Amino acid sequence: MNNISESIRRIIDFDWVNSTENEIEEILPTFGMNDEYPEEIPSIFKDYMGWGVRLWQYPNQLSKLITFLKGKKINSYLEIGVRYGGTFIIINEVLKRYNDYVESHCLDIIPPSEILDTYQHTFVRERFYYHQMYSQNTFFFNNIAGKEDIKLNKKIDLVFIDGCHSYTCVKQDYFSALMLGAKYIIFHDIVNHSTQGNQIVWRELKKIHTKTYEFVDQYEGMGQKYMGIGVIEVSPDDKIFPLFSPHY
């Protein structure tokens, strides 16, 4: 069993660039998985739960997202709803393999975890920014921009939405991503049977965006569908784009 530092070191040392999707899927649980809501996690991962970076993802879904992100020009990243930080650390490290500098932000209503604190102060060369607040907070954009920005010139290339899972929260986070000029917007729990709000928003957005992607593989014997990752690649051809074009 790896401790936090050992797991983070293995994430940093892993060859994300040359590894195949299957190799990534196999390595992901060995960094440690979350043990909250264990009924959602297949029993094949029981030995990986409750330690390391406590990744709260299905490896067969996240591996496909990582493969999708390979080679993308992404210089800034925001994760809304970071929990322990396993997903944030992994995606941040993948992005840094393809981009010389990545300005990284993560947000949650809880204080930063020991995992994120260790990553921040022991391993990260460039500081990332932790925002302890609701994403619907009045000062959300000021915090991300680092100043009062009347017209909001701040740009975040990639936004991962995994915070409050109600319909209104997810929709508001989506609008915030567009106001930040996001090239890519990721949504979590788009097929999770217990997160109806996420499912409804995702179905709506697929109708108004021209480029959407889904990574929703499941594991046998679970009874219900869980998690699921959706990605929007924002395009000028999207029906909603004219309203947010000043931010692009």
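The values are calculated or read from the model by the stated rules, or taken from the named source; none is laboratory data. A quick note: this is a predicted structure, and the numbers were derived from the prediction, not measured. Positions of Cβ are generated from backbone atoms using ideal geometry, with glycine treated the same way; all protein chains shown enter the neighbour counts.
Glu103 - would you say it is of a type in the set (D, E, K, R), over 23 Å from Ala177 (Cβ atoms) and touching a residue at least 12 places away in the same chain (Cβ under 8 Å)? No; evaluated as a whole, the condition is false for this residue.
Being within 22 Å of Asp157 (Cα to Cα), of a type in the set (Val, Ile, Thr) and surrounded by 15 or more Cβ atoms within 10 Å (Cβ to Cβ) holds for only one residue in Ile74, Ile24, Ile8, and it is Ile74.
For segment 25-55, give me the residue count where each residue is assigned to a loop (DSSP other than H, G, I, E, B) and among the polar types (S, T, N, Q).
Here is the first cut: in segment 25-55, the ones assigned to a loop (DSSP other than H, G, I, E, B) are 32, 34-37, 41-42, 50-54.
Applying the additional criterion that residues be among the polar types (S, T, N, Q) yields 34.
Going through segment 25-55 one residue at a time, the tally reaches 1.
The residues of segment 119-171 that are at pLDDT below 85 and more than 24 Å from Val234 (Cα to Cα), listed by number, are Val124, Arg125, Glu126, Arg127, Asn137, Thr138, Phe139, Gly146, Lys147, Glu148. Considering segment 199-240, and only residues there that are polar (S, T, N, Q), in a loop (DSSP other than H, G, I, E, B) and modelled with pLDDT of 95 or more, the residue that is farthest from Gln61 (Cα to Cα) turns out to be Ser235. Among the residues of segment 92-103, those identified as part of a helix (DSSP H, G or I) and aliphatic (A, V, I, L, M) are Val94, Leu95.
Going residue by residue through segment 153-171, is there one that turns out to be charged (D, E, K, R) and in a helix (DSSP H, G or I)? Break it down stepwise before answering.
In the first step, residues of segment 153-171 are kept if they are charged (D, E, K, R); the result is 154-155, 157, 162, 171.
Subsequent filtering for residues that are in a helix (DSSP H, G or I) retains 171.
There is at least one residue in segment 153-171 that is charged (D, E, K, R) and in a helix (DSSP H, G or I).
Got a number for residues in segment 203-248 being closer than 24 Å to Glu39 by Cα, surrounded by 14 or more Cβ atoms within 10 Å (Cβ to Cβ) and not charged (D, E, K, R)?
Start the filter on segment 203-248 by keeping residues that are closer than 24 Å to Glu39 by Cα, which leaves 214-230.
With the extra rule that they be surrounded by 14 or more Cβ atoms within 10 Å (Cβ to Cβ), the set shrinks to 214-219, 222, 225-230.
Subset that is not charged (D, E, K, R): 215-216, 218-219, 222, 226-230.
The total comes to 10.
In the set Ile161, Ile185, which member is surrounded by 18 or more Cβ atoms within 10 Å (Cβ to Cβ), under 18 Å from Tyr248 (Cβ atoms) and not aromatic (Phe, Trp, Tyr)? Steps first, answer last, please.
Details: Ile161 fails: under 18 Å from Tyr248 (Cβ atoms).
On inspection, the qualifying residue turns out to be Ile185.
Take Cys106 and tell me if it is in a strand (DSSP E or B), within 17 Å of the chain's Cα centre (by Cα), of a type outside the set (Ser, Thr, Tyr) and surrounded by 12 or more Cβ atoms within 10 Å (Cβ to Cβ). Full working, then the answer.
Details: in a strand (DSSP E or B): yes; within 17 Å of the chain's Cα centre (by Cα): yes; of a type outside the set (Ser, Thr, Tyr): yes; surrounded by 12 or more Cβ atoms within 10 Å (Cβ to Cβ): yes.
For Cys106, the condition - in a strand (DSSP E or B), within 17 Å of the chain's Cα centre (by Cα), of a type outside the set (Ser, Thr, Tyr) and surrounded by 12 or more Cβ atoms within 10 Å (Cβ to Cβ) - is met.
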